[in-house]
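Colleague: Just passing along the structure, written as structure tokens.
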Amino acid sequence: MTTADTAAMPTGRRVGRVVANHGRHVEVQDLDGRRVLCRLHGRKLLVVCGDEVEWAPEDAEVGLVHAVLPRHHVLERLSMTGRAETIVSNLDRIVAVAAAKPSPDWQVIDRYLAGAEWAGLSAAIAFNKCDLGLSADDERQLNDYAAIGYPVVRVSTRAEPGVAALATVLADVTSVLVGQSGTGKSSLLNALIPHARAVTQEISAASEEGRHTTTHAAMHELPGSGRLIDSPGVRDYAPPLPVPAAVGSGFREIHRLAAHCKFQDCRHLTEPGCAVRTAADDGTLSSRRYSSYRHLYQLAKEFEERFPARRPPRLR
Ligand SMILES: Nc1nc2c(ncn2[C@@H]2O[C@H](COP(=O)(O)OP(=O)(O)OP(=O)(O)O)[C@@H](O)[C@H]2O)c(=O)[nH]1
Ligand SMILES: [Mg+2]
Ligand SMILES: [Zn+2]
């Protein structure tokens with residue numbers, strides 16, 4: 001926010017950042033660091049965690065949010081109606097959190113990574129609960145992600161190796177922790193910022209799944225510099241999808257290989273001379289990543305057919 005922008009604001013209004021979203025109420029952090037509970041002006045105002053807003057105090061306790069300032073990078077999800085829903089805004093990085101337990105859903109991780117590529121966000125992977133040990137398959141998947149250039153950190157909130165490697169990935173930027181319920185996102189937040197005191201809960205002994213403990217996104221200041229947003233765990237996730245032909249750009253190694261396909265408009269499915277399929281066959285491309293690509297390609301096709309009027313998101 002520049003001085004010129006602030007000068008254009010009606011008197012009494014201030015700029016703040018939404019640090020928690022409780023539906024019709026949000027918590028706004030003022031420029032001096034004070035947090036104020038605010039109502040939203042009008043039903044149409046859609047506010048998410050991370051938003052910069054214009055707000056004004058109503059009384060000593062409560063404020064009113066009047067407007068959302070333009071957002072830069074956002075994390076969105078695809079809704080059942082084919083729309084993009086913003087989850088958090090003004091981000092730099094997503095950190096996809098998987099864990100030894102519940103068992104990782106790598107396809108969900110791939111969808112977060114593809115969404116980050118399309119949204120122009122950087123992405124990293126944190127593998128938590130390393131104190132429980134990593135399976136050979138977990139090791140293989142993590143090594144594959146590292147090989148294609150994503151920062152991968154192995155962490156634990158209970159024992160060695162601790163969370164120092166994650167702190168390094170988070171320094172100086174605004175990040176959001178995303179992933180399945182029960183992987184330990186809120187526990188990681190608490191390990192990095194003890195006074196955050198986010199609620200955590202054991203995963204279900206019967207289903208070995210998380211209990212969806214965190215119900216809304218909340219932002220915290222990291223020691224040193226940087227901000228960290230904890231978000232509710234998901235069962236599944238899909239980002240807003242581009243046209244099917246652009247799905248490959250969400251998979252950086254597939255995007256690189258595509259330059260060697262015989263046909264420029266290769267979809268990497270059944271075409272002859274496809275460098276992507278050849279790489280999947282000879283093992284230079286992870287067959288699991290290739291399968292995630294094909295699933296997302298199929299989903300993009302289905303959405304294109306079901307929602308022909310939908311405008312695909314602009315890729316960055
Ligand atoms: N063994 C082990 N357990 C952990 C570790 N980190 C977190 N846990 C446990 O995992 C369970 C789930 O942790 P949460 O932090 O609530 O998980 P979450 O990802 O925030 O879950 P949602 O809010 O539902 O998305 C809790 O019982 C934590 O104590 C770890 O490093 N090792
Ligand atoms: Mg949580
Ligand atoms: Zn191809």
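The values are calculated or read from the model by the stated rules, or taken from the named source; none is laboratory data. What you see is a predicted model, and the numbers here were worked out from it, not measured in a lab. Counting neighbours? That spans all protein chains shown, and the Cβs are built from the backbone with ideal geometry, glycine included. What goes into the accessible areas is simple: the full protein's heavy atoms, side chains included, and nothing from ligands, DNA or RNA. Shrake-Rupley method; radii C 1.70, N 1.55, O 1.52, S 1.80 Å.
Colleague: Can you tell me which residue in region 280-295 is surrounded by the most Cβ atoms within 10 Å (Cβ to Cβ), limited to those that are of a type outside the set (Lys, Arg) and in contact with a Phe, Trp or Tyr (Cβ under 8 Å, 6 or more places away or on another chain)? Reasoning before the result, please.
Modeller: Kept after step one, since they are of a type outside the set (Lys, Arg), are these residues of region 280-295: 280-287, 290-293, 295.
Restricting the remaining residues to those that are in contact with a Phe, Trp or Tyr (Cβ under 8 Å, 6 or more places away or on another chain) gives 280, 292-293.
On the way: Ala280: 22, Ser292: 22, Tyr293: 25.
The qualifying residue surrounded by the most Cβ atoms within 10 Å (Cβ to Cβ) is Tyr293.
Colleague: Has region 225-241 got any residue that is open to solvent by 40 Å² or more (accessible area, probe 1.4 Å) and over 21 Å from Arg111 (Cβ atoms)?
Modeller: yes
Colleague: Please state which of the following conditions Val163 fails to meet, knowing it meets all the rest: (1) touching a residue at least 40 places away in the same chain (Cβ under 8 Å); (2) open to solvent by less than 50 Å² (accessible area, probe 1.4 Å); (3) within 16 Å of ligand 2 (Cβ to nearest atom).
Modeller: Here Val163 meets the rest and fails (1).
Colleague: Let me ask another. Would you confirm whether any residue within region 98-108 is open to solvent by 40 Å² or more (accessible area, probe 1.4 Å), without any contact (Cβ under 8 Å) to a residue 24 or more places away in the chain and more than 12 Å from the chain's Cα centre (by Cα)?
Modeller: Going through region 98-108, the residues open to solvent by 40 Å² or more (accessible area, probe 1.4 Å) turn out to be 101, 103, 105, 107.
Subsequent filtering for residues that are without any contact (Cβ under 8 Å) to a residue 24 or more places away in the chain retains none.
No, region 98-108 has no match at all.
Colleague: Please verify whether Arg13 is touching an Asp or Glu at 6+ places or on another chain (Cβ under 7 Å) and either open to solvent by less than 10 Å² (accessible area, probe 1.4 Å) or not aliphatic (A, V, I, L, M) (or both), treating the condition exactly as stated. Steps first, please.
Modeller: Values: touching an Asp or Glu at 6+ places or on another chain (Cβ under 7 Å): yes; either open to solvent by less than 10 Å² (accessible area, probe 1.4 Å) or not aliphatic (A, V, I, L, M) (or both): yes.
It is true that Arg13 is touching an Asp or Glu at 6+ places or on another chain (Cβ under 7 Å) and either open to solvent by less than 10 Å² (accessible area, probe 1.4 Å) or not aliphatic (A, V, I, L, M) (or both).
Colleague: Just for region 220-234: of the residues that are within 14 Å of ligand 2 (Cβ to nearest atom) and not charged (D, E, K, R), which one is nearest to Gly33 (Cα to Cα)?
Modeller: His220
Colleague: Quick check on my filter: what residues within region 100-138 are more than 19 Å from Arg77 (Cα to Cα) and in a helix (DSSP H, G or I)?
Modeller: Residues satisfying the conditions are Cys130, Asp131, Leu132, Ala136, Asp137, Asp138.
Colleague: Sticking with this structure for a sec: Restricting the search to region 250-265, which residues are touching a residue at least 12 places away in the same chain (Cβ under 8 Å), open to solvent by 100 Å² or more (accessible area, probe 1.4 Å) and either over 13 Å from Ala279 (Cβ atoms) or within 16 Å of ligand 2 (Cβ to nearest atom) (or both)?
Modeller: Residues satisfying the conditions are Lys262, Asp265.
The rows are residues; the columns are (1) among the small types (Gly, Ala, Ser); (2) within 16 Å of ligand 3 (Cβ to nearest atom); (3) at pLDDT 90 or above; (4) touching a helix residue (DSSP H, G or I) at 6+ places or on another chain (Cβ under 7 Å).
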{"position": "Ala198", "(1), (2), (3), (4)": "yes, no, yes, yes"}
{"position": "Ser204", "(1), (2), (3), (4)": "yes, no, no, no"}
{"position": "Thr214", "(1), (2), (3), (4)": "no, no, yes, yes"}
{"position": "Glu221", "(1), (2), (3), (4)": "no, no, yes, no"}
{"position": "Ser225", "(1), (2), (3), (4)": "yes, no, yes, no"}
{"position": "Arg235", "(1), (2), (3), (4)": "no, no, yes, no"}
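Colleague: Let me ask something else about it. May I ask you to verify whether Arg235 is within 16 Å of ligand 1 (Cβ to nearest atom) and not hydroxyl-bearing (Ser, Thr, Tyr)? Talk me through it step by step, then tell me what you get.
Modeller: Working: within 16 Å of ligand 1 (Cβ to nearest atom): yes; not hydroxyl-bearing (Ser, Thr, Tyr): yes.
When the stated conditions are applied, Arg235 passes them.
Colleague: Taking Asp144, is it closer than 21 Å to Glu209 by Cβ, in a helix (DSSP H, G or I), modelled with pLDDT of 95 or more and assigned by TED's automatic domain parsing to the domain that holds Gln107?
Modeller: Values: closer than 21 Å to Glu209 by Cβ: no; in a helix (DSSP H, G or I): yes; modelled with pLDDT of 95 or more: yes; assigned by TED's automatic domain parsing to the domain that holds Gln107: yes.
The answer is no for Asp144.
Colleague: For Leu222, which of the numbered conditions (1) within 14 Å of ligand 1 (Cβ to nearest atom); (2) within 20 Å of the chain's Cα centre (by Cα); (3) not β-branched (Val, Ile, Thr) fails to hold?
Modeller: (1)
So that you can scan it fast, the table gives a plain yes or no per residue for (1) within 21 Å of Leu142 (Cβ to Cβ); (2) within 12 Å of ligand 3 (Cβ to nearest atom); (3) not assigned by TED's automatic domain parsing to the domain that holds Gly182:
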| position | (1), (2), (3) |
| --- | --- |
| Pro239 | no, no, yes |
| Cys261 | no, yes, yes |
| Leu269 | no, yes, yes |
| Val276 | no, yes, yes |
| Thr284 | yes, no, yes |
| Arg289 | yes, no, yes |
| Tyr293 | yes, yes, yes |
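Colleague: Given the structure, is Glu117 out of contact with any Lys or Arg (no Cβ under 8 Å at 6 or more places or on another chain), of a type in the set (D, E, K, R) and modelled with pLDDT of 95 or more? Show your work before the answer.
Modeller: Details: out of contact with any Lys or Arg (no Cβ under 8 Å at 6 or more places or on another chain): no; of a type in the set (D, E, K, R): yes; modelled with pLDDT of 95 or more: yes.
No.
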